[in-house]
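Below you'll find the structure, written out as structure tokens, and then a few comments.
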Amino acid sequence: MKEKLVWLYIFFSMGNNAFAQKNDGPDNQKWLLKVGGILNKESVVDNTFTAIPYAGINWGGTASVKYQKEKVSHEVECYFSKGNLKTAVNPESSLSNSYFNLDYNNLYTIGSNSAGSVLLMAGGSLNILYARRDYAAFINNNSSFEFAASLGGATEFCYFFNNRLSGFSLSDRINIPLVSAVVQPAFGSDNAAGVLNQNGLSAKDLFNYERIVSFSSFMRIKNLLSIDKMIGPRQKISFNYAWDYYQISGTREVKQAIHSLGLTYSFIF
């Protein structure tokens, strides 16, 4: 009888200890699927049309898939937005702005503290963006776009809270492109070939009219700050703030900045 009681005590003690172990670290997450909505404040200046900035607030969406294995993570993330931007001068002018972004990040854990609450990751990234603008106040040549595919570097800092804030975590990721392939319309045209085309960008344009540029000609900085909260063993919600700024130099100079607030839901499996 005493031996049975001892074995029962050992069994429940091991079970309780296993249940109490933290599962916040990324090494314990295999696959993560995330979806959410975002609110964007956008501003753009396309000097081909006007030096006056167009700005506005619109909605968008985001989704990502992440795979974590030991100290290496792979993540594919996309977000999009579409809405109207307006000038702040009188008479007011407007444009329809569409924006799509696709990122692939491959990060490796390069440092952590003994408790595992602080992680520092670094690696490479592939970033693709496509932006299109249709102006309401211009005739004939009233559209513009830019497509950019970039290879660059990425760093991410993560902090996992303990004690009363256990289950919360904070992360900040920065992406900077090093070399990019950029496609824009020919000067005085709606598309890269120099022919009026309402479709904007075709697959042929990507291969025949791109130019390879460095950071000085295509400058882009992306910063994603996220506060996460575990709401179950396999679920969490996140509040995100993102800043995406890029500037293209050359015959068609463009500057665009996007400030985004997002709320996302993640499922870990």
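The values are calculated or read from the model by the stated rules, or taken from the named source; none is laboratory data. All figures in this text were calculated on a predicted structure; none of them were measured in a lab. For neighbour counting, all protein chains shown are included, and Cβ atoms are generated from backbone atoms with ideal geometry for every residue, glycine included. These accessible areas exclude ligands, DNA and RNA; they are computed on the full protein's heavy atoms, side chains included. Shrake-Rupley method; radii C 1.70, N 1.55, O 1.52, S 1.80 Å.
Every residue in segment 176-213 that is at pLDDT below 95 and among the hydroxyl-bearing types (Ser, Thr, Tyr), please. Across segment 176-213, the qualifying residues are Ser189, Ser202, Tyr209.
Could you list, in sequence order, all residues of segment 82-101 that are open to solvent by 60 Å² or more (accessible area, probe 1.4 Å) and either more than 18 Å from Ile52 (Cβ to Cβ) or hydroxyl-bearing (Ser, Thr, Tyr) (or both)? Quick ask: steps written out before the conclusion?
Here is the first cut: in segment 82-101, the residues open to solvent by 60 Å² or more (accessible area, probe 1.4 Å) are 82, 84, 86, 88-92, 100.
Scanning segment 82-101 gives Lys82, Phe100.
Residues of segment 224-247 that are open to solvent by less than 60 Å² (accessible area, probe 1.4 Å) and touching an Asp or Glu at 6+ places or on another chain (Cβ under 6 Å): Lys236, Ser238. Residue count for segment 219-253 satisfying the condition of being in contact (Cβ under 8 Å) with a residue 24 or more places away in the chain, touching a Lys or Arg at 6+ places or on another chain (Cβ under 9 Å) and either in a strand (DSSP E or B) or of a type in the set (Val, Ile, Thr) (or both): 18. Considering segment 102-126, the residues that are without any contact (Cβ under 8 Å) to a residue 12 or more places away in the chain and in contact with a Leu (Cβ under 9 Å, 6 or more places away or on another chain) include one that is least open to solvent (accessible area, probe 1.4 Å), namely Gly111. Filter segment 151-190 for residues that are within 18 Å of the chain's Cα centre (by Cα) and among the acidic types (Asp, Glu) and give the result. If the condition is that a residue be within 18 Å of the chain's Cα centre (by Cα) and among the acidic types (Asp, Glu), then Glu156, Asp172 are the ones that fit. For segment 127-152, the set of residues classified as surrounded by fewer than 17 Cβ atoms within 10 Å (Cβ to Cβ) and modelled with pLDDT of 95 or more consists of Ile128, Leu151, listed by residue number.
Within segment 213-234, the set of residues being within 19 Å of the chain's Cα centre (by Cα) and among the aliphatic types (A, V, I, L, M) comprises Met219, Ile221, Leu224, Leu225, Ile227. Considering segment 51-92, and only residues there that are farther than 30 Å from Leu32 by Cα and not in a loop (DSSP other than H, G, I, E, B), the residue that is farthest from the chain's Cα centre (by Cα) turns out to be Lys86.
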